[in-house]
Amino acid sequence: MPDYDAIIIGAGAAGLHCAAFAAATGKRVLVLDHAKQTGKKILISGGGRCNFTNLYAAPENYLSDNPHFCKSALARYTQWDFIDLVSRYGIAYHEKTLGQLFCDDSAKQIVNMLVSECTNVGAEISLRTEIIGVDYQQGQYRINTSKGEFRSTNLVVACGGLSMPKLGATPLGYQLAEQFGHSITPVRAALVPFTLHDQDKQAFAELSGVSIPVTASANDGSFHEAMLFTHRGVSGPAMLQISSYWQPGEALTVNLLPSDDISEAIKQGQQQQPKAQLGSLLQQYFPKRLVQALADYWQWPLQQRLADCSNELINSVHDNLHQWQLKPNGTEGYRTAEVTLGGVNVNEISSKTMESTLQSGLYFIGEVMDVTGWLGGYNFQWAWASGYAAGTAL
Ligand code: FDA
């Protein structure tokens, strides 16, 4: 007789949520984690206030090799289910923007809630537990750890992706998947700031801290949010979002003035204030130092009177501003990425239960799988939904 019905590797968002649902049906559940604390990513998420879900979470907000995979789990455990749980614990929250829900007080409340949900139903949590190896013999998983061997009928892999190794991220989830015959959809850092080539970096170095609303597009992604210049390159929600759609070597299309048409504005200015300079018109839309940096970059004659601006100049200012082809050097990588794109191939997992279709009793939940949400609470919603799907199926 194995020690446990289910062992879950990873006491993060998905693992804790799964443990609570599994133990609630009387299952003997053990959660193992090498970290000193539960839910470390939850604690630092959302600037310490945890953007725990999104009012508008829907399958369209997720990237995966199989975009249909996430539908069933998201429909069976929705944002409203998690909001209900948060409300039952009396955790105050607010919508910041675009349906993003944050704790009023602290992300600790979410971790405390998840741990209470586990301990209330008898799920055990063992921290500071290194996983040495896993094998499967005679219908049992044997987990060899720094605290000895544990045996279980089912094994749930909830050890997340590769982002932020400083917080304890490791490739264990992918290694276990491969050990049991699964393939891995190629992984890379996502929701991550871009770095720029030296020439562009120098051109915009002075702008570190300047943020403006833009529309950033790449492949079939397009986001209208803020872009922030940093001392390494460009960041802010628009850039983090589009990083999930961008492929290395490609250019992004950035519209620096999505709310107006600059050629119309210049032509109107030619009628109404012909003696005004191009620079002062542009300053009606952008901070002065951004106008100067863009003018240096694209060689705009800022002193030119509007009356003297040729159609050729107007067209080039228009194309520069509305269709900037910005070619990043790369991204800041896993060091600062919020998530890992790609992961365990979802075509080898049941979308109803999260159980492997290759190996009986083996489950994958959360970020380790090839399901990646947009910025804005979507990744936690996937952790809750996939954790629930496995927790109620075990
Ligand atoms: P998660 O990473 O939460 O948990 C994995 C667990 O496995 C960890 O406890 C880890 O210690 C453990 N583990 C890993 N390797 C192990 C090993 N070898 N042995 C034992 N244990 C091991 N999302 C969102 O929706 N809203 C937000 O506000 C944010 N904010 C945010 C900020 C920052 C800075 C980051 C890095 C990420 C976010 N995210 C986010 C993303 C979100 O944190 C992430 O998608 C979920 O935490 C994924 O949940 P999982 O349970 O799958 O992994």
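The values are calculated or read from the model by the stated rules, or taken from the named source; none is laboratory data. Bear in mind the structure is a predicted one, so any value in this text is a computation, not a measurement. Cβ coordinates were reconstructed from backbone atoms using ideal geometry, including for glycine residues, and neighbour counts include every protein chain displayed.
List of remarks:
- From the list Thr357, Thr372, the lone residue that is more than 17 Å from the chain's Cα centre (by Cα) and not acidic (Asp, Glu) is Thr357.
- Residue within the stretch 260-275 that is in contact with a Phe, Trp or Tyr (Cβ under 7 Å, 6 or more places away or on another chain), at pLDDT 95 or above, more than 27 Å from Thr336 (Cα to Cα) and surrounded by 15 or more Cβ atoms within 10 Å (Cβ to Cβ) present: no
- Number of positions in the stretch 295-338 that are surrounded by 14 or more Cβ atoms within 10 Å (Cβ to Cβ), over 30 Å from Ser163 (Cα atoms) and within 30 Å of the chain's Cα centre (by Cα): 3
- Restricting the first member to the stretch 124-146 and to residues that are touching a residue at least 12 places away in the same chain (Cβ under 8 Å) and within 17 Å of Leu358 (Cβ to Cβ), and the second to residues that are in a strand (DSSP E or B) and of a type in the set (A, V, I, L, M, F, W, C), the beta-carbon pairs closer than 7 Å and six or more apart or on different chains are Val134/Ile143; Val134/Leu155; Tyr141/Ile7; Tyr141/Val134; Tyr141/Leu155.
- Note on the stretch 186-198: residues that are assigned to a strand (DSSP E or B), farther than 18 Å from Ala14 by Cβ and in contact with a Leu (Cβ under 9 Å, 6 or more places away or on another chain) total 4.
- Residue within the stretch 353-360 that is more than 16 Å from the ligand (Cβ to nearest atom) and either aliphatic (A, V, I, L, M) or buried (at least 24 other Cβ atoms within 10 Å of the Cβ) (or both) present: yes
- Residue that is nearest to the ligand (Cβ to nearest atom), among those in the stretch 15-42 that are surrounded by fewer than 17 Cβ atoms within 10 Å (Cβ to Cβ) and more than 24 Å from Ile132 (Cβ to Cβ): Thr25
- Within the stretch 62-105, tally of residues that are of a type in the set (A, V, I, L, M) and touching a residue at least 40 places away in the same chain (Cβ under 8 Å): 5
- The set of residues from the stretch 379-394 being farther than 18 Å from Val187 by Cβ and in a helix (DSSP H, G or I) comprises Phe380, Gln381, Trp384, Ala385, Gly387, Tyr388, Ala389, Ala390, Gly391, Thr392, Ala393.
- Matching option when the condition is more than 10 Å from the ligand (Cβ to nearest atom), surrounded by 14 or more Cβ atoms within 10 Å (Cβ to Cβ) and not aromatic (Phe, Trp, Tyr), among Gln175, Gln109, Gln100: Gln109
- Remark: Gly160 falls outside the filter, which requires a residue to be away from the ligand (no atom under 15 Å from the Cβ), at positive phi and either buried (at least 22 other Cβ atoms within 10 Å of the Cβ) or over 23 Å from the mean Cα position of the chain (by Cα) (or both).
- All strands (runs of 3 or more DSSP E) inside the stretch 66-178 with 1 or more residues being of a type in the set (Ser, Thr, Tyr): 93-95, 124-126, 131-137, 140-145, 148-157
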